[in-house]
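Heads up: the structure comes next, in structure tokens.
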Ligand code: CA
């Protein structure tokens, strides 16, 4: 099911759009403030964005610009002013479509469907698929940098993610803390091999059922760590 984010401060409009899109089988999330919408747009997985232009805190221009730096999903910009639409086109922010309010909700649904199917075709025709590592209930999406444990998503810091991914990609191989530190932290990093211990502990708290009896990352006493296969 495609997931859509609507960033719109006029709640009645947002709700109407949501109702119509949900009736067409889409999963829809709404944010009424620009700053909150931006955070979700950058940190969650959405297949399409519908952005109002004038929003509290952060406007639609800025949200569009920042999404485009990170993602290729379709963006539909909406505004009450025709002039604004012309302005956005002129700026070349990378939006895929523009609609002037008021518009009919069914017109919006039609455009959403068109953009999603076009985007799907685009992905199917050559954009690489996400790089996935999967071991015993742990699924790591290296491309999106997301991790699921038994189907439930867990959040990792950058280094935790890098460390977990490195170990999971080299299962059954014992690495010393020194090796892991060299592998994951660059030379300028402040810290030492104790950093590795701290990160392993944090990772275990997120992936292990019982951290006292780790099922994934084993401690090999006096040597280091190994990801069990
Ligand atoms: Ca507005």
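Structure summary
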read-out: Candidate set: region 72-93, residues that are in contact (Cβ under 8 Å) with a residue 24 or more places away in the chain and more than 15 Å from the ligand (Cβ to nearest atom); chosen: the one farthest from residue 117 (Cα to Cα); value: 91
read-out: Residue in region 55-67 that is at pLDDT 90 or above, more than 16 Å from the ligand (Cβ to nearest atom), under 17 Å from residue 2 (Cα atoms) and buried (at least 16 other Cβ atoms within 10 Å of the Cβ) present; value: no
read-out: Matching residues in region 17-53 - criterion: being in contact with a strand residue (DSSP E or B) (Cβ under 9 Å, 6 or more places away or on another chain), within 15 Å of the ligand (Cβ to nearest atom), assigned to a helix (DSSP H, G or I) and closer than 19 Å to residue 95 by Cα; value: 17, 34, 37, 38
read-out: First in region 1-19 and over 15 Å from residue 109 (Cβ atoms), second anywhere and in a loop (DSSP other than H, G, I, E, B) and within 14 Å of the ligand (Cβ to nearest atom), Cβ under 6 Å, 6 or more apart; value: 9/32; 9/55; 9/56
read-out: Residue under evaluation residue 161, criteria (1) under 21 Å from residue 131 (Cβ atoms); (2) over 27 Å from the mean Cα position of the chain (by Cα); (3) free of Cβ contacts under 8 Å to residues at least 40 places away in the same chain, criterion not met; value: (2)
read-out: Qualifying residue in region 103-122 (condition: modelled with pLDDT of 85 or more, within 25 Å of residue 40 (Cβ to Cβ) and within 16 Å of the ligand (Cβ to nearest atom)); value: yes
read-out: When residues of region 1-13 are limited to those that are within 16 Å of the ligand (Cβ to nearest atom) and buried (at least 20 other Cβ atoms within 10 Å of the Cβ), the one farthest from residue 69 (Cα to Cα); value: 8
read-out: Subset of region 60-77 [in a loop (DSSP other than H, G, I, E, B) and touching a helix residue (DSSP H, G or I) at 6+ places or on another chain (Cβ under 6 Å)]; value: 74
read-out: Candidate set from region 132-147 (those that are within 14 Å of the chain's Cα centre (by Cα) and part of a strand (DSSP E or B)); member that is surrounded by the fewest Cβ atoms within 10 Å (Cβ to Cβ); value: 141
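Results for (1) at pLDDT below 90; (2) under 19 Å from residue 147 (Cα atoms); (3) crowded, with 17+ Cβ neighbours inside 10 Å, shown as yes or no for each residue.
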{"position": "179", "(1), (2), (3)": "no, no, no"}
{"position": "186", "(1), (2), (3)": "yes, no, no"}
{"position": "193", "(1), (2), (3)": "yes, no, no"}
{"position": "199", "(1), (2), (3)": "no, yes, yes"}
{"position": "202", "(1), (2), (3)": "no, yes, no"}
{"position": "206", "(1), (2), (3)": "no, yes, no"}
{"position": "213", "(1), (2), (3)": "no, no, no"}
{"position": "217", "(1), (2), (3)": "no, yes, yes"}
{"position": "229", "(1), (2), (3)": "yes, yes, no"}
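The values are calculated or read from the model by the stated rules, or taken from the named source; none is laboratory data. This structure is a prediction, so every number in the text was calculated from the model and none was measured. Cβ: placed from backbone, ideal geometry, glycine included. Neighbour counts: every protein chain shown.
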